[in-house]
Amino acid sequence: MDPISIITLISSGLKLVDQFREMALRITGHDVTPPGSKAEQSGTALEISHRGKTYQKIEATELKMDQWDSVRYQALYARIQTNWNILNDLFSQEAGLSVSEGARVREDMRKTKETLCKDFKEMVALYERALGISLPDHYTLYEVCSPQVKSV
């Protein structure tokens, strides 16, 4: 895989992490506020900005290609896609269910969210190794994946 394709994968993967964060906050009843930082592709680079100002730019040529694991990435991505679809389906089913069915669906959502948290964290760690930097804090999903966060 070429470095520019990896930058594109990382950028789209980080957008998916942001979408998961937003959905998980909604599921748990928390206010959804946009994170102060973001990382997105700009040409052949990944730009990391905070409050609209770029503070770090990693060019595709700077990637640590020896740290990129395509096989692991594909496996994580496939599992995330499957569980993401399950979580969406469960979330859409929750409204209008009986109390007992609602409880079962919420437990299934909690388990699916935990699996997604684990997989997204591993994916972000793969990104960080390839980029050679730490990404902004919200990509660690501490708001939605830490034990002190109210469950679904």
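The values are calculated or read from the model by the stated rules, or taken from the named source; none is laboratory data. In this text the structure is predicted, and so the values were computed from the model without any measurement. Methodologically, a virtual Cβ is constructed for each residue, glycine included, from the backbone with ideal geometry; neighbour enumeration extends over all protein chains shown. The accessibility values were calculated without ligands, DNA or RNA, using every heavy atom of the protein model including side chains. Shrake-Rupley method; radii C 1.70, N 1.55, O 1.52, S 1.80 Å.
What the table shows:
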quantity: Tally of residues being under 18 Å from Arg21 (Cβ atoms) and either out of contact with any helix residue (DSSP H, G or I) (no Cβ under 9 Å at 6 or more places or on another chain) or open to solvent by less than 70 Å² (accessible area, probe 1.4 Å) (or both) across the stretch 87-108; calculated: 3
quantity: Scan of the stretch 109-122 for residues that are of a type outside the set (Ser, Thr, Tyr) and open to solvent by less than 50 Å² (accessible area, probe 1.4 Å), ordered by number; calculated: Met109, Lys113, Leu116, Cys117, Asp119, Phe120
quantity: In the stretch 87-126, the residues that are more than 30 Å from Ile7 (Cβ to Cβ) and in contact (Cβ under 8 Å) with a residue 40 or more places away in the chain; calculated: Phe91, Arg106, Met109, Arg110
quantity: Criterion violated by Leu87 - all others in (1) under 22 Å from Leu126 (Cβ atoms); (2) out of contact with any Ser or Thr (no Cβ under 7 Å at 6 or more places or on another chain) satisfied; calculated: (2)
quantity: Matching residues in the stretch 39-57 - criterion: being over 26 Å from Met23 (Cα atoms), touching a residue at least 24 places away in the same chain (Cβ under 8 Å) and surrounded by fewer than 15 Cβ atoms within 10 Å (Cβ to Cβ); calculated: Thr44
quantity: Residue within the stretch 28-38 that is open to solvent by less than 30 Å² (accessible area, probe 1.4 Å) and assigned to a strand (DSSP E or B) present; calculated: yes
quantity: Positions within the stretch 44-74 being part of a loop (DSSP other than H, G, I, E, B) and touching a helix residue (DSSP H, G or I) at 6+ places or on another chain (Cβ under 9 Å), in sequence order; calculated: Thr44, Leu63, Lys64, Trp68, Asp69
quantity: Residue check, Glu143 in a helix (DSSP H, G or I), closer than 18 Å to His30 by Cβ and open to solvent by 50 Å² or more (accessible area, probe 1.4 Å); calculated: yes
quantity: Counted residues, the stretch 58-80 - those being within 19 Å of the chain's Cα centre (by Cα), more than 13 Å from Met1 (Cα to Cα) and open to solvent by 60 Å² or more (accessible area, probe 1.4 Å); calculated: 3
quantity: Tally, over the stretch 129-138, of residues that are out of contact with any helix residue (DSSP H, G or I) (no Cβ under 7 Å at 6 or more places or on another chain) and open to solvent by 50 Å² or more (accessible area, probe 1.4 Å); calculated: 1
